[in-house]
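The values are calculated or read from the model by the stated rules, or taken from the named source; none is laboratory data. Everything numeric here is computed off the predicted structure, so don't read it as measured data. Cβ placement follows ideal geometry from the backbone for every residue including glycine, while neighbour counts extend to all protein chains displayed. These area figures cover heavy atoms from the full protein model, side chains too; ligands, DNA and RNA do not enter into them. Shrake-Rupley method; radii C 1.70, N 1.55, O 1.52, S 1.80 Å.
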Amino acid sequence: PRTLRTLHDLPNKSLLLAACAACIGGTFQYGYNISVINAPTMYVQNFMNQTWRERYQIDVSQEFLTLLWSTIVSMFTLGGFIGVTIGGTLSVKLGRKGTLLTNNVFALVAALLMGLSYPTGLFELLIIGRLFTGINAGIAICVQPLYLGEIAPTAFRGAMGMGTSIFITGGILTGQVVGLKEILGREEYWPILLATTCIPAFLQLLILPWFPESPRYLLIDKGDTEGCKKALKQLHGIADCDAEWEDIEKEKNNLKGVKAKKPWELLADRSARWQLLTIILLNAAQQLNGINAIYFYADYIFKQAGIPNDKISYVTVGTGACECITALTCGMLIECLGRKVLITGGYTLMSICCILFTLTLSFQDASPVVPYLSMACVFAFILSFGLGPGGVTNILTTELFTQTTRPAAYMIAGSVNWFSFFFIGLVFPFIVIGLQQYCFLVFLAICSLVVIYIFLVVPETKNKTFLEIHNEFQPSSSRKASSVDGAGTTLLSGPL
């Protein structure tokens with residue numbers, strides 16, 4: 001029988017360091033580049049206007065300036081989309097660790113281009129630089145959770161997977177702090193501020209090479225038995241590597257002769273239909289649940305509550321810190337409460353916040369207390385998001401698939417996530433203009449539907465091996481057949 005270490009046991013130090021090394025140049029970059037662009041908005045626009053004037057002797061029109069700025073911002077999303085589509089393929093060709101290390105090239109090129117845009121007077125470099133940071137983020141958000149999920153022992157898979165969202169929120173918070181006036185938020189520093197994206201890249205290039213490739217990748221994809229054993233010893237310690245070895249060996253025997261799938265093959269695979277539908281819905285909902293709307297509205301609400309304009313950036317840092325703390329809390333809770341409780345709870349609380357938010361925004365002028373209630377709703381919504389959807393979505397993408405389908409699943413999930421991110425960025429301003437405060441009723445509907453779906457379809461995955469989870473999704477007739485056949489771990493689900 002598999003022995004699961006008790007919760008009080010801590011994972012091996014080497015395992016934690018490997019996770020941090022992967023995250024610092026991975027999803028930390030993603031979070032950092034999302035938030036760092038907000039502080040220098042005005043300065044970059046002034047620079048573009050000034051450059052335009054020097055080139056053509058006329059001021060750029062306000063509409064064109066807005067278009068240029070939104071191009072710079074949305075290039076990140078386009079890059080992310082490209083990154084996700086190549087990330088899965090790279091992770092099979094170069095390995096998980098190899099891809100993460102190679103990925104830093106994009107961050108370094110981006111830092112160079114954005115840092116040089118001011119001295120050379122070419123704002124076009126900013127557009128290309130943001131495209132490269134996007135590609136870097138897209139590859140990272142596809143490959144890093146894959147690496148974390150595969151190096152973690154079963155008992156710590158949830159907590160390790162939370163590293164992804166802890167470092168995203170940490171990146172967002174760092175970006176907000178570095179963008180404050182006291183640090184790099186002044187006009188003369190904006191090229192340096194945008195070029196700081198090279199620091200996490202250098203850190204990862206220094207630290208990650210000391211840690212091994214994913215043991216699952218080494219054994220199942222490469223057939224390297226020695227390498228896998230060595231990696232397991234380094235990551236889990238000598239005492240704990242046997243149970244993990246058995247688990248990987250079992251999965252390998254099960255997948256004999258099965259090649260890593262391409263996304264279109266996975267879409268055609270009937271045995272993975274429900275898993276795919278689940279991650280597509282959860283990844284779309286992660287962007288479309290109103291969290292972006294909350295951030296969009298945050299400044300307006302803080303103004304209404306009477307916070308002076310020059311202090312709003314500090315309150316925004318408060319929202320970033322709030323999200324970061326929740327991600328940490330979720331990391332501690334996920335192994336005792338399980339995935340299903342957290343994600344259902346998160347979406348339920350968000351549904352309640354949507355109702356309260358609509359009410360407080362509608363009666364903003366009824367009493368001086370109401371704006372403060374709106375502020376409380378902002379923080380409550382962010383907390384609820386961080387507790388469930390923010391962290392658990394990525395972990396489920398790792399857990400609902402086996403080794404041969406996981407990279408393709410990440411490519412599909414990532415594409416849906418980035419497309420939803422792009423879509424909400426494009427459509428959201430119009431929704432706000434059209435519906436005003438009632439826009440949160442749209443998000444209420446989305447959150448409520450997700451709760452119902454998870455409750456009915458998604459099984460609890462805590463402390464189960466990847467094969468046990470896979471079998472939960474199979475029709476009961478094939479599940480019975482597979483449990484007669486042995487330990488209930490064979491996949492009798494039609495062609496894989």
Open item on the list: Of all residues being open to solvent by less than 30 Å² (accessible area, probe 1.4 Å) and of a type in the set (A, V, I, L, M) in the range 417-435, which is nearest to THR71 (Cα to Cα)? Just the residue, please.
Closed with: ILE424
TODO: For the range 300-317, name all the residues that are touching a residue at least 24 places away in the same chain (Cβ under 8 Å) and open to solvent by less than 80 Å² (accessible area, probe 1.4 Å).
DONE: ILE301, PHE302, GLN304, ALA305, GLY306, SER313, THR316, VAL317
- [ ] Mind checking which helices (runs of 4 or more DSSP H) fall wholly inside the range 257-375 and carry at least 2 residues that are within 22 Å of the chain's Cα centre (by Cα) and under 30 Å from PHE473 (Cβ atoms)?
- [x] 263-268, 273-288, 312-337, 339-362
Task: Hits in the range 236-278 (condition: surrounded by fewer than 18 Cβ atoms within 10 Å (Cβ to Cβ) and among the polar types (S, T, N, Q)) - done: ASN253
Task: Any chance ALA376 is of a type in the set (A, V, I, L, M, F, W, C) and touching a residue at least 40 places away in the same chain (Cβ under 8 Å) - done: no
Task: Residue list for the range 215-235, restricted to those being closer than 18 Å to THR402 by Cβ and surrounded by fewer than 16 Cβ atoms within 10 Å (Cβ to Cβ) - done: LYS222, GLY223
Task: Residue within the range 107-126 that is open to solvent by less than 30 Å² (accessible area, probe 1.4 Å) and under 24 Å from THR465 (Cβ atoms) present - done: no
Task: Contacts under 8 angstrom Cβ, first residue in the range 47-63 being open to solvent by 60 Å² or more (accessible area, probe 1.4 Å) and assigned to a helix (DSSP H, G or I), partner hydrophobic (A, V, I, L, M, F, W, C) and at pLDDT below 95, 6 or more apart - done: ARG53/VAL60
- [ ] Go through the range 149-185 and give me each residue that's in contact with a Lys or Arg (Cβ under 6 Å, 6 or more places away or on another chain) and open to solvent by 10 Å² or more (accessible area, probe 1.4 Å).
- [x] ALA155
